[in-house]
Amino acid sequence: RREEYRAAGFPLLPLVIGARATRRCSLVFALALVPVTLLPWLAGELGMAYAATALAGGAAFVGSLVRSARLDTDEADRRAFAVSIVYPAALFAAMAVELALR
């Protein structure tokens, strides 16, 4: 969809800095995000089910971004995008379940 966004005048990151640099930035941010998602568990606010979800989801997210960077294909990018939507949804669901079971 890059060309459609370009034609519409939307300055998305891949259009501004390029697809390869965007993939690297995404990976760096994801690597920083994973430890942050573990803070509620480390603080004792959420339990092991949340921690397991955060670790598994984080690994899936980082893995999808590594795959996207290696393959350099639109298909791999779409997969990483899909994981980026499912990952926070799973985190919030795990939070909700753990808090509801208290």
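Computed from the coordinates by the stated procedures, all read-outs in this text should not be read as laboratory data. A quick note: this is a predicted structure, and the numbers were derived from the prediction, not measured. Cβ sites come from the backbone with ideal geometry, for glycine too, and all protein chains shown count toward neighbours.
Counting only Cβ charges, +1 for Lys and Arg and -1 for Asp and Glu, the dipole size of the chain around its Cα centre is about 260 debye. Annotation: amide H-H contacts under 5 Å for LEU38 (H modelled 1.01 Å from N, sequence separation of 5 or more, or interchain): none.
Kirkwood-type hydrodynamic radius, the chain: 14.9 Å, calculated from all non-identical alpha-carbon pairs.
Residues whose amide H lies under 5 Å from that of LEU46, counting only those 5 or more places away or on a different chain, are TRP41; hydrogens are built 1.01 Å from N in the peptide plane. One chain, two ends: LEU33 and VAL86. Fully extended at 0.36 nm per residue, the span grows by 17.6 nm beyond their Cα-Cα distance.
Here the extension length gained between ARG78 and GLU45 equals 8.5 nm, from 0.36 nm per residue of separation less the Cα-Cα distance. With a Förster radius of 22 Å applied to the beta-carbon distance between ARG20 and ALA60, the computed FRET efficiency rounds to 0.50.
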